[in-house]
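Only one structure is covered here, and it is reproduced in the block below.
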Amino acid sequence: MRHVHPRPFGPKWRGRWIWFQPPAIVTETATRPVLEDPTATIGLLRRTVHLATVPTNAPARLWTDGRHLLRVNGVEVARGPVRSDPRRPHYDVVDLAPHLRPGENVLALTVRHFGTATSWWMAAPPTYTLGAGCVAFEAQIGDEWIVSDAEWRACPGDAWAAVAVPGDVACLPLESFDARRHPHGWDLPGFDDLDWTAATEITPMHTGASSEPRPSSDPFGMLRPPVRRSMPGGERHRAVATASRSVTGGDPVADPVRQVLVDERSAPGDSAVVVSLDLGRIAAGTVEIDLRDAVAGTTIDLAAAEHLDDDGN
């Protein structure tokens, strides 16, 4: 089958494989690489681009071994990739031009690797360096190519705590996000990322590998043309605060989701405020929550939750 890639792209990539940290892969035997810790991990990657003028079009493509959410100057423009077999993955394309501006621009990627196969994501058998999370990105902005490489700045997503999947096919994915630990404004121009590290460039290594640092690479094979030509639109639903009460808080437990349930059942007090929200018909996507009007006499600001939905849409 002949694969037709949308212009200006082809089967070979200019962007390298990168991640927010070195691949956490060890060898059980000399020929059996495995994940050091098969736990979900999240990272932040950002790239600053300075433009004299904004082009009419700025085509970009990207693929992640896991999930990604791409923002340009703080505006969400893509999330994915589409669900697929990791041996036959399809990258996404998006036009960045409507979100660019003269001067400083920021491309920001929130990336996740699930670590363990789930009912919505299939893990690739790891090689010595790939299979523990990686992303490839490239965009033509005017006459310049912006690609995934060590020019990107990286930071672990420490605001997220790993939460085990609680069930099987019909289970709901859970996420624990501590807004106090999040570098708010990281996806906007002017953010100071000097204490961040350079993104890790990953060289594919496996038996018989050519060490080519750009896709295509085992275990994924060639990244195939997109099955969608634009990001699907969405709807906005207003969240309604259905209840709130002050509580003493329960005894500490390791699971952050169970902690909320324990706190919710604790006696009245002034240690914590438990708020119940009806998020409407939202099934997946980005949730923006402002609790200033949810609790009488209390002001709490939460930034946009950068949830990576588990269908890649």
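Rounded to the nearest Hz, the phi-derived 3J(HN,Hα) couplings of segment 29-34 under the Karplus curve 6.51 cos²θ - 1.76 cosθ + 1.60 (θ = phi - 60°) are 9, 4, 10, 10, x, 9, where x marks glycine and proline.
Each residue of segment 263-274 was assigned a 3J(HN,Hα) from its phi angle through the Karplus expression (A = 6.51, B = -1.76, C = 1.60, θ = phi - 60°), giving 4, 4, 8, 6, 6, x, x, 10, 7, 8, 10, 9 Hz with x at Gly and Pro. Proximity of backbone amide H atoms, modeled 1.01 Å from N, is registered between R224 and H90, Y91 at under 5 Å, excluding neighbours fewer than 5 places apart on the same chain. For the residues E28, E138, a 1.4 Å probe over the protein chains yields an accessible-area ranking, largest first, of E28, E138. 3J(HN,Hα) couplings calculated from phi for segment 97-113 with the Karplus curve 6.51 cos²θ - 1.76 cosθ + 1.60 (θ = phi - 60°) are, in sequence order, 3, x, 10, 8, 8, x, x, 7, 10, 10, 9, 10, 10, 9, 10, 9, 10 Hz; Gly and Pro show x. Taking only C-alpha pairs under 8 Å that are 6+ residues apart, what is the relative contact order of segment 186-267 in percent? Value for segment 186-267: 14 percent.
Packing order of peptides 197-203, 255-261, highest average first: 197-203, 255-261 (average count of other Cβ atoms within 10 Å over each peptide's residues). Contact order, relative form, for segment 1-130: 32 percent (alpha carbon pairs under 8 Å, 6 or more residues apart, mean separation divided by residue count).
The values are calculated or read from the model by the stated rules, or taken from the named source; none is laboratory data. This is a predicted model, so every value here is computed, not measured. Ideal geometry is used to build each Cβ from the backbone, glycine not excepted, and the neighbour counts take in all protein chains shown. Note: areas computed on protein heavy atoms with side chains; ligands, DNA, RNA excluded. Shrake-Rupley method; radii C 1.70, N 1.55, O 1.52, S 1.80 Å.
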